[in-house]
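K.L.:
Got a structure for you, questions after.
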Amino acid sequence: YYYYNPEYGKNYLDTLLDVYHYSKAQGIPYRSVLLDSWWYYQDSRDNSVTLWEAREDVFPGGNEGIHDLGEQTGWAITAHNRYWSNRTAYDTLSGGSFEFVHDVSSPCDPSAAYSLPASQSFWDFLFKQATTEWGLSTYEQDWLWPQFLGMTKLLTDAELGRTWLLQMGAAASASGVNIQYCMALSRHALQSVEIPAVTQIRASSDYGPTDRSWQWRIGRSSIFANAIGLAPSKDGIYTTKRQPGGAEGDFVETRPELELLVATMSTGPVQIADGIGYSNQSLILRSCTEEGLLLKPSKAMTAMDFSLVAEAFGET
């Protein structure tokens with residue numbers, strides 16, 4: 001509901017504090033919050049990351065604003081990230097302290113140009129800063145395939161991709177941070193076997209008014225995630241049918257019960273995306289205890305064998 005869409009006239013700190021107070025009044029036991037791509041600095045050319053710190057207009061005081069959010073709510077912080085800009089402030093070429101690998105232009109989009117951290121010290125710095133300054137709990141590395149397929153050097157250097165993810169994972173483990181992969185190729189998922197910090201992976205498409213017939217169907221990808229020890233993650237959901245004023249427009253969620261069931265049975269995070277005044281408290285409490293402990297299975301729900309056979313051979 002609040003994706004690039006804070007409350008009218010308010011910043012995200014005030015908006016999320018309003019969500020917190022609403023949830024307390026309604027008896028909804030939220031335990032964590034996901035800060036999506038709206039919270040950090042991006043390159044206006046291609047939306048790549050220039051500085052992975054809180055924007056002052058989003059959280060007053062920058063990183064201190066996120067710290068204030070965690071202090072006032074007690075929520076664990078999950079923070080999104082995407083592909084790195086060729087003009088990132090961390091790069092020595094831009095006056096920063098760390099070496100980056102660069103491309104002149106992206107193989108996928110000649111108008112874009114990405115970069116990649118080239119040292120373990122960068123990741124150590126990034127996660128130490130995030131955990132000590134504002135309480136990062138889970139790091140969501142999104143846009144994995146655009147970062148990978150969008151850099152010539154990742155496509156031509158047999159070791160660079162593995163090194164990138166191993167360095168990220170080592171720093172996360174050192175700082176006590178979990179990692180979620182999103183928009184991952186199979187190679188990224190398989191690489192996670194070497195990276196204990198990676199605990200979950202997005203198994204669904206984005207939630208919203210498009211792709212309504214299948215975005216909740218994560219049973220096939222969950223088979224893969226289960227096999228390599230990752231919790232499949234379904235994108236956020238509405239728990240009531242209509243939520244006007246939200247980022248997704250006035251679309252109708254025809255099956256909130258199904259959406260919540262799939263999220264709960266995924267074993268990954270259950271991400272309620274409701275706006276203030278629109279939550280179905282009794283439905284939400286079917287997924288968790290009154291303290292917010294998820295009532296999830298020991299293994300993610302997956303597609304049944306007969307459904308795969310029927311799809312492959314046209315049987316009903």
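K.L.:
Rounded to whole Å, give me the distance from the Cα center of region 218-252 to that of region 46-89.
P.N.:
After rounding, the separation between the Cα centres reads 23 Å.
K.L.:
Throw me the Rg/Rh for region 72-192, computed over C-alpha atoms with Kirkwood Rh, two decimals.
P.N.:
Numbers: Rg = 14.4 Å, Rh = 14.9 Å.
My calculation puts Rg/Rh at 0.97.
K.L.:
Right, next: Semi-axes of the equivalent ellipsoid for region 1-160, please: Cα gyration tensor eigenvalues, times 5, square-rooted, ordered largest first, whole Å. Let's see the in-between values first.
P.N.:
Values: eigenvalues 203, 52, 40 Å².
Taking √(5λ) for each eigenvalue gives 32, 16, 14 Å, largest first.
K.L.:
What is the P(r) of region 190-244, as percent of Cα-Cα pairs per 5 Å bin from 0?
P.N.:
4, 19, 23, 19, 14, 10, 6, 3, 1
K.L.:
I want to check the label-to-label distance for Thr254 and Leu283. Put each point 7 Å from Cα in the C-beta direction and report it in nm to one decimal.
P.N.:
For Thr254 paired with Leu283, the spin-label model returns 1.5 nm.
K.L.:
Further, regarding this structure: What translational diffusion coefficient, in µm²/s and rounded to a whole number, does the Stokes-Einstein relation yield for region 101-163 at 20 °C and a viscosity of 1.002 mPa s, taking the hydrodynamic radius as the Kirkwood radius over Cα pairs?
P.N.:
Details: Rh = 13.1 Å.
The Stokes-Einstein estimate is 163 µm²/s.
K.L.:
Let me ask something additional. Taking the Cα atoms of region 261-316 alone, what are Rg (to one decimal) and Dmax (as a whole number) in Å?
P.N.:
Considering region 261-316 through its Cα atoms, Rg and Dmax are 15.8, 47 Å.
K.L.:
Something else: May I ask which of Lys153/Lys234; Lys153/Lys299; Lys24/Lys241; Lys10/Lys241; Lys241/Lys296 have a Cα-Cα span longer than 28 Å here? Before the final figure, lay out each step's value.
P.N.:
Numbers: Lys153/Lys234 31 Å; Lys153/Lys299 38 Å; Lys24/Lys241 22 Å; Lys10/Lys241 25 Å; Lys241/Lys296 24 Å.
As for pairs spanning more than 28 Å Cα to Cα, those are Lys153/Lys234; Lys153/Lys299.
K.L.:
Of all accessible surface on region 237-316 at a 1.4 Å probe, what whole percent is carbon and sulfur? Display every interim value, and only then the final one.
P.N.:
Values: 2510 of 4490 Å².
Result for region 237-316: 56 percent of the exposed heavy-atom area is carbon or sulfur.
K.L.:
In Å and on Cα atoms, what radius of gyration and Dmax does region 168-304 show?
P.N.:
Rg and Dmax of region 168-304, Cα atoms, are 15.6, 44 Å.
K.L.:
So if I take the centroid of the Cα atoms in region 275-316 and the same for region 103-127, what is the distance between those two points in Å?
P.N.:
Cα centres, region 275-316 to region 103-127: 36 Å.
K.L.:
Would you calculate, for the chain, the mean residue ellipticity at 222 nm contributed by helices, counting each DSSP H stretch of 4 or more residues as -39,500 (n - 2.57) and dividing by all residues, to the nearest 500?
P.N.:
Values: 11 runs with 106 residues, N = 316.
Counting only the DSSP helices, I get -9500 deg cm²/dmol.
K.L.:
In addition: Heavy atoms only, probe 1.4 angstrom, no DNA, RNA or ligands counted: give me Arg55, Arg202, Arg217 ranked by accessible area, highest first.
P.N.:
Working: Arg55 65, Arg202 40, Arg217 120 Å².
Correct descending sequence by accessible area is Arg217, Arg55, Arg202.
K.L.:
Identify the residues of region 26-45 with backbone N under 18 Å of a label point that sits 7 angstrom from the Cα of Asn5 along the Cα-to-Cβ direction, or state none.
P.N.:
34-39
K.L.:
Determine how large the accessible area of Tyr207 is when every protein chain is in place; take a 1.4 Å probe and give Å² rounded to the nearest 10.
P.N.:
For Tyr207, the solvent-accessible surface is approximately 20 Å².
K.L.:
Based on alpha-carbon positions alone, could you give the equivalent ellipsoid semi-axes of region 63-114 from the gyration tensor, as √(5λ), descending, whole Å?
P.N.:
Numbers: eigenvalues 203, 46, 11 Å².
Equivalent ellipsoid semi-axes, largest first: 32, 15, 7 Å.
K.L.:
For the chain, what size does the Cα cloud have along each of its three principal axes, sorted from largest down, in whole Å?
P.N.:
Answer, in whole Å and largest first: 54, 53, 36 Å.
The values are calculated or read from the model by the stated rules, or taken from the named source; none is laboratory data. In this text, all values refer to a predicted model and were calculated from it rather than measured experimentally. Heads up, the Cβs are rebuilt from the backbone with ideal geometry, glycines too, and the neighbour counts pull from every protein chain shown. When the accessible area is computed, the model is the full protein with side chains, heavy atoms only, and any ligands, DNA or RNA have been set aside. Shrake-Rupley method; radii C 1.70, N 1.55, O 1.52, S 1.80 Å.
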